[in-house]
Amino acid sequence: MGFFDFMTEDIAIDLGTANTLIIHNDKVVIDSPSIVARDRISGKIIAVGKEANMMQGKTHENIKTIRPLKDGVIADFDASEKMISMFIKSIPALKKRMFTPALRMVVCIPSGITEVEMRAVKESCERVNGKEVYLIHEPMAAAIGIGIDIMQPKGNMIVDIGGGTTEIAVIALGGIVCDKSVKIAGDVFTNDIVYYMRTQHNLFVGESTAEKIKIQIGAAIEDLETPPEDMSVQGRDLLTGKPKQVEVSYREIAKALDKSIQRIEDAVMETLSQTPPELAADIYNTGIYLAGGGSMLRGLDKRISQKTDLPVYIAEDPLRAVVRGTGMALKNISKFKNILIK
């Protein structure tokens with residue numbers, strides 16, 4: 001085994017709908033958008049990650065940008081495999097190696113995933129030289145990443161708002177007691193903003209612009225204590241066809257996102273209503289933990305707190321909570337072996 005150990009590298013992957021993160025040697029070495037650009041004629045992948053992201057919405061007919069994951073699961077098998085492979089090859093420490101080392105990987109998956117979708121993730125990883133592939137449920141990884149001791153007989157509630165799905169889970173004794181996975185998350189927020197700009201301002205904006213709006217002035221409530229400044233948004237005027245610019249305030253974005261956030265609130269309420277009473281008592285004391293990029297939406301913590309009458313905490317560096325937890329699971333595979341899916 002000794003020689004094989006030397007040949008094996010450990011990596012933890014958070015394969016997200018919007019962003020893919022990879023940890024190697026306890027460091028986040030890859031943090032890139034999950035997107036690839038393919039040349040239509042040769043079929044070759046010409047760019048991946050940040051580079052491909054800049055091309056999004058600006059391509060001509062010979063280049064196609066693909067997001068291989070949809071709603072947290074692999075939608076385009078070939079593109080996802082190439083994407084993972086290119087990310088792994090671009091890890092600085094592995095670049096020095098003469099040949100691709102065998103990999104031991106832990107990859108996280110949404111909790112509402114089917115057997116087939118699970119196998120797609122596994123096979124993608126095995127094809128990029130993953131010799132031992134373990135899977136871990138996202139809310140579990142998020143809980144470990146936040147720093148909760150999940151093995152305790154104590155209930156904790158995690159709400160992980162990613163790009164494709166929102167994962168809500170109550171965790172105790174190293175397992176998920178009740179969970180709900182809804183397909184309303186960052187991507188839906190972005191589309192809500194596109195729709196709002198279109199209907200309210202007659203302004204046609206692309207996905208990348210809507211994403212920028214969401215990050216810069218996105219909000220979940222209409223009265224923030226420290227409101228962000230209004231933002232100038234450029235796009236195409238639907239009436240005249242000319243490029244034009246409008247000023248947008250965070251209040252408008254809060255209106256645009258209201259319906260979707262309500263659906264997330266409902267899912268949280270439903271999960272709470274299915275929680276066994278002993279764990280509900282624990283959650284009354286521990287509150288709700290938010291992770292994932294969606295948790296950074298201004299005022300979302302306050303809004304969920306008002307709805308549930310519970311304290312709501314945002315994980316530090318919420319975008320990386322899941323991959324951090326996945327990395328910790330990778331380090332102690334023996335400790336977490338009951339959680340990991342082989």
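The values are calculated or read from the model by the stated rules, or taken from the named source; none is laboratory data. For clarity, every value in this text was computed on a predicted model and none was experimentally measured. Heads up, the Cβs are rebuilt from the backbone with ideal geometry, glycines too, and the neighbour counts pull from every protein chain shown. These area figures cover heavy atoms from the full protein model, side chains too; ligands, DNA and RNA do not enter into them. Shrake-Rupley method; radii C 1.70, N 1.55, O 1.52, S 1.80 Å.
Residue pairs exceeding 28 angstrom between C-alpha atoms, taken from Lys58/Lys131; Lys70/Lys244; Lys82/Lys180; Lys89/Lys331; Lys180/Lys307: Lys58/Lys131; Lys70/Lys244; Lys82/Lys180. When Kirkwood radius over Cα pairs in Å is computed from the coordinates, the matching label among (i) 21.0; (ii) 25.1; (iii) 27.1 is (i).
Taking Cα centre as origin and charging only the Cβ of basic (Lys, Arg, +1) and acidic (Asp, Glu, -1) residues, the dipole magnitude of the range 191-275 rounds to 500 debye.
One equal scatterer on each Cα of the range 190-284, no solvent, Debye formula: the resulting log10 I(q)/I(0) at q = 0.18 Å⁻¹ is -0.80.
Between Ser305 and Ile46, what is the label-to-label distance in nm when each label sits 7 Å out along the Cα-to-Cβ direction? Those two pseudo-labels are separated by 4.9 nm.
In terms of its C-alpha gyration tensor, the range 178-230 has an oblate overall shape, because the principal axis ratio a/c (a ≥ b ≥ c, square roots of the eigenvalues) is not below 1.5 and a/b does not outweigh b/c. Looking at the chain alone, DSSP beta bridges between its own residues are antiparallel in about 65 percent of cases. If R0 is taken as 30 Å, the Cβ-Cβ distance between Thr226 and Gln262 corresponds to a FRET efficiency of 0.80.
Among the protein heavy atoms, those of Ser181 account for about 40 Å² of accessible surface (1.4 Å probe, every chain in place). Share of carbon and sulfur in the accessible area of the chain stands at 51%, probe radius 1.4 Å. Using the 1.4 Å probe convention, the accessible area of the chain works out to 48 Å² per residue with neighbouring protein chains retained. Spatial offset of the range 194-261 relative to the range 143-164 amounts to 32 Å, using the alpha carbon center of each. For Ile341 and Asn129, a Förster radius of 22 Å and the Cβ-Cβ distance give a FRET efficiency of 0.65, rounded to the nearest 0.05. Legend: residues Lys64, Lys242, Lys58, sorted from most to least accessible area (1.4 Å probe; ligands, DNA and RNA excluded), read Lys58, Lys242, Lys64. Using R0 = 22 Å, the C-beta based FRET efficiency linking Arg97 and Asp31 works out to 0.55.
Each label was represented as a point 7 Å from its Cα along the Cα-to-Cβ direction; for Met7 and Gln245 these points are 5.9 nm apart. So what's the Cα pair-distance distribution over the range 283-339, bin width 10 Å, in %? P(r) over the range 283-339, rounded to whole percents: 23, 37, 29, 11, 0.
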